[in-house]
Every structure is written in C-alpha cells, then in structure tokens.
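Peer 1: Have a look at this one before I ask anything.
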Amino acid sequence: MASTTGSIEDVGPKLQSFDIERATTQNADYRSVAWSGRYLQVTLMSIPVGSDIGLEAHPQTDQFLRLEAGNGRVQMGAAKDQLTFDEKVSDGWCVLVPAGTWHNITNVGTAPMQLYAIYAPAHHAPGKVQSTASIAMADKEDDPADWSVQPANVPDKHG
C-alpha cells in the first residue's frame, strides 16, 4: 500500500510499497513502525536538535540506519564506555550496526534529524508509534509480533 501523506500503515508481513524518503522526512514521531515482516522491520525516526536515539546494543539484531535529513554524530563500539567509532553523518549517509555493538546517533544539527532504521529480526510491535524517546523507553508493550521469527530471548542493553 503506497502513501503520499507520509503516514504509513504497517500491514504486517504483506506486500508493501511507499516513498520511504518522503515518509521519513514527514515523520514527526520519535519512532513509527512502517513495516513488519517475519524477518525484518522498517521504522521511521525523528530526533530533535540536541537529542539522540539512545545508547543501546541489540545482542541479536543487526541494524541499517539511513539519514534522510539533518546532521548527526554516530558513535559505536564493543562496550558502552568504549565507543571507538566516532563519525559525523548527514543526509544520504547510512550507519551499519552489527549485532551486539553499542551505538548511538546524536542530532548535532539545527533541525530535526530524520532517519529510518531496518532491523533484522523485527524489534518492535507492528504499527507502534511513539511520539517521544521517553514514551518509547517507558513502553512495556513494544514486543515484536508472535508471527515474527525471533532468536532466543536475549534482552537489549541500554546505556
């Protein structure tokens, strides 16, 4: 199902098509799950000036993130106090996060940082929309769908 408004309906593991650049740049929510498949998931994110996605590590989840607008500072490493990878990123840049890697992206620009993330396997509840990072952190009902293929239960780590 394509959308021209930027509002995407997560149809679960069904055929889907939409303008990801437009949807990402029009998304005003911290996190909005755009599509949930059995093996991966697409989320849209908007990070306010001076804020970040939150230091975290997903032990069994690889991630691909792409900035569609804004400027960021990506930091990654083997431990939360060993973020040896430190690089500025902007519109058009991607960030590849291997499973188990501690990572964070901070908005260092003057406008919201708009990005999308692809998780493999799925990481959030289908269709989940969280307007702010604090709402996302407090959300206890944000588990992937039962029909998604998940590894053994290894909890994420947060900094």
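The values are calculated or read from the model by the stated rules, or taken from the named source; none is laboratory data. This structure is a prediction, so every number in the text was calculated from the model and none was measured. Here Cβ is always computed from backbone atoms with ideal geometry, including for glycine, and neighbour counts include all displayed protein chains. Side chains included, ligands, DNA and RNA excluded: accessible areas come from the protein's heavy atoms. Shrake-Rupley method; radii C 1.70, N 1.55, O 1.52, S 1.80 Å.
Peer 1: Determine, yes or no, whether A152 is buried (at least 18 other Cβ atoms within 10 Å of the Cβ), assigned to a loop (DSSP other than H, G, I, E, B), more than 14 Å from the chain's Cα centre (by Cα) and touching a residue at least 40 places away in the same chain (Cβ under 8 Å).
Peer 2: On the way: buried (at least 18 other Cβ atoms within 10 Å of the Cβ): no; assigned to a loop (DSSP other than H, G, I, E, B): yes; more than 14 Å from the chain's Cα centre (by Cα): yes; touching a residue at least 40 places away in the same chain (Cβ under 8 Å): yes.
Criteria not met by A152.
Peer 1: Same structure, new question: Within the range 65-85, work out how many residues are among the charged types (D, E, K, R) and within 11 Å of T101 (Cβ to Cβ).
Peer 2: Matching residues across the range 65-85 total 1.
Peer 1: I want to confirm something. Restricting to the range 104-138 and keeping residues that are crowded, with 17+ Cβ neighbours inside 10 Å and of a type in the set (S, T, Y), which single residue is farthest from K157 (Cα to Cα)?
Peer 2: Here the residue is Y116.
Peer 1: G70: closer than 18 Å to D156 by Cβ, in contact with a Pro (Cβ under 7 Å, 6 or more places away or on another chain) and not polar (S, T, N, Q), yes or no?
Peer 2: On the way: closer than 18 Å to D156 by Cβ: no; in contact with a Pro (Cβ under 7 Å, 6 or more places away or on another chain): yes; not polar (S, T, N, Q): yes.
Considered against the rule, which asks whether it is closer than 18 Å to D156 by Cβ, in contact with a Pro (Cβ under 7 Å, 6 or more places away or on another chain) and not polar (S, T, N, Q), G70 comes out as no.
Peer 1: Do the conditions hold for I105, that is, is it without any contact (Cβ under 8 Å) to a residue 60 or more places away in the chain and within 12 Å of the chain's Cα centre (by Cα)?
Peer 2: yes
Peer 1: Answer yes or no as to whether P155 is under 27 Å from R38 (Cα atoms) and either modelled with pLDDT under 95 or touching a Pro at 6+ places or on another chain (Cβ under 9 Å) (or both).
Peer 2: Values: under 27 Å from R38 (Cα atoms): yes; either modelled with pLDDT under 95 or touching a Pro at 6+ places or on another chain (Cβ under 9 Å) (or both): yes.
When the stated conditions are applied, P155 passes them.
Peer 1: While we're on this one: Is there a residue being in contact with a Phe, Trp or Tyr (Cβ under 6 Å, 6 or more places away or on another chain) and over 10 Å from Y116 (Cα atoms) anywhere in the range 20-37?
Peer 2: Scanning the range 20-37 turns up no residue that is in contact with a Phe, Trp or Tyr (Cβ under 6 Å, 6 or more places away or on another chain) and over 10 Å from Y116 (Cα atoms).
Peer 1: Hey, another quick one. Conditions: (1) open to solvent by 50 Å² or more (accessible area, probe 1.4 Å); (2) modelled with pLDDT of 95 or more. W147 meets all but one. Number of the miss?
Peer 2: Only one criterion is unmet by W147, namely (2).
Peer 1: Follow-up. Quick one: count up the residues across the range 11-38 that are touching a strand residue (DSSP E or B) at 6+ places or on another chain (Cβ under 6 Å) and within 16 Å of D146 (Cβ to Cβ).
Peer 2: 2
Peer 1: Here's something else I'd like to know. Just give me the residues in the range 55-88 being of a type outside the set (A, V, I, L, M, F, W, C), under 15 Å from Q114 (Cα atoms) and in contact (Cβ under 8 Å) with a residue 40 or more places away in the chain, in sequence order.
Peer 2: Matches in the range 55-88: R66, E68, G70, N71, G72.
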